[in-house]
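Read the structure below first, then the notes.
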Amino acid sequence: MFWKGFRAIMPLYLGIIPFALAYAVTARAAGLGILETQALSVLVFAGASQFSAAPLLGAGVNGFAIVLTTFLLNVRHLLYGISIARVLPNMTLRQRIFGAYFLTDEAFGTFIASGVKDYRFFFGACISLFVSWNAFTLVGALASSLVPDPVALGVDLVFPLSFLALLIPILKTRIEWLVAGFSSLAAFLLVPRLPSGLGILVVGVLGSLLGAWLTKDEPVQTQVSLEDAAREVA
Amino acid sequence: MNFWLTVLGMLAVTFGSRLAGMLLTTPLPPFWVRFVRFVPIAVFAALIIPSLEGTRGEGLPRVIGAVLCGVLAWRTKQLWIGLFAGMLGFWIMRNLPLM
């Protein structure tokens, strides 16, 4: 099950590999050493934050501003954590801590879209991303002069396309389509006008509130807890 | 030393955001159970739309790639088919002389 999750991320390597390389090149060009470049990928493990922080760290900009930007870019993971804790209510404390450390948009999306309610699948997806991101950070840090610009190649499109390909199959009811449409429109209007990261959180909360409100007459979904009960009995 | 202090701060806010939700063990009230069900839908829509146009004036080929990706993901429910078809469509469209 771990390897099933691990393999489920692999199509995304098409975007992850060039971006890990590009991040490393950006960081090295900004004056960070190989150790510092790699440390960000191991310890922070957040693509967009690493990209925005690397030039600032190299220039010795006030650390507080960098930490605040990083927080805004990543605060949406709070919502992912709640969602995973709801799908996998029987996780041990250790699993919660390790799962949280390696949690990303891609691992969360792949896990939710798969419909597999198994921690090992989720963790396999997490590790698949961590290993590829770090391996190619190292390659990029060592061979920084040979790496082409991923934006010029257009491989940055891999990320919205993969989220789209994960999103479409989970849209089943009319209300789910409606929430997706509303959130898209809200993102189009709000995200460019708010600090990066914050807009995604605001739209995420607004869209989810709309969904919860539109489904207020539906019976409470008990599918997850029933399956867990069945597993415990077995 | 300032570098490592800043990295420690970045680690604290990323890991903190990731961990806070994962630690939730108390059952949620029904409204928030339904809220959580819509989180992936709303957040993914918010991640897709602003990054679709790109920064290089290739909005049209990128949107065509996205439509292709969406249709194939809908028909096949396979991430890799949607993703590869979308990227292929985008690369073909951006290299057509009329675009």
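General observations
- Cα gyration tensor shape for the range A:2-170, rounded if a/c is under 1.5, else prolate or oblate: prolate
- Counting 0.36 nm for each residue step from A:LYS172 to A:LYS117 and taking away their Cα separation leaves a gain of 18.0 nm.
- Note, ³J(HN,Hα) from phi for the range B:64-81, Karplus 6.51, -1.76, 1.60, rounded to Hz, x at Gly and Pro: 4, x, 5, 4, 4, 4, x, 5, 5, 5, 5, 6, 9, 6, 10, 3, 5, 5
- For the range A:62-91, the residues whose backbone nitrogen is under 20 Å from a point 7 Å from the Cα of B:THR26, taken along Cα to Cβ, are A:78-91.
- Per-residue Cβ neighbour counts within 10 Å put A:MET91, B:MET22 in the sequence A:MET91, B:MET22, beginning with the fewest.
- Here the 3J(HN,Hα) profile of the range A:68-76, calculated from phi with Karplus coefficients 6.51, -1.76 and 1.60 at θ = phi - 60°, is 5, 4, 4, 4, 4, 5, 10, 5, 5 Hz, Gly and Pro shown as x.
- Packing-based exposure ordering (other Cβ within 10 Å, fewest first) of A:ASP149, A:ASP118, A:ASP105, A:ASP217: A:ASP217, A:ASP149, A:ASP118, A:ASP105
- Gyration tensor verdict on the range B:2-95 (Cα atoms; rounded if a/c is under 1.5, prolate if a/b is larger than b/c, oblate otherwise): oblate
- Mean partner shielding of peptide A:37-48, defined as the number of other chain Cβ atoms within 10 Å of each residue Cβ, is 3.
- Top of B:ALA73, B:ALA12, B:ALA46 by mean-square fluctuation, Gaussian network on chain B, Cα under 10 Å: B:ALA12
- Structure remark: mean-square fluctuation, Gaussian network model of chain A, C-alpha springs under 10 Å; the largest value among A:SER114, A:SER145, A:SER41 belongs to A:SER145.
- Neighbour-count ranking [beta-carbon atoms within 10 angstrom, fewest first] of A:TYR119, A:TYR23, A:TYR13: A:TYR13, A:TYR119, A:TYR23
- Rounded, prolate or oblate (a/c below 1.5 giving rounded, otherwise prolate when a/b exceeds b/c) for the protein assembly as shown by Cα gyration tensor: oblate
- With contacts taken as Cα pairs under 8 Å at a separation of at least 6 residues, chain B carries a relative contact order of 17 percent.
A short reminder: the numbers here are calculations on the coordinates, not readings from a lab. Values in this document were obtained by computation on a predicted structure and should not be read as measured data. Neighbour counts are summed over all protein chains in view; Cβ atoms, including those assigned to glycine, are modelled from backbone coordinates with ideal geometry.
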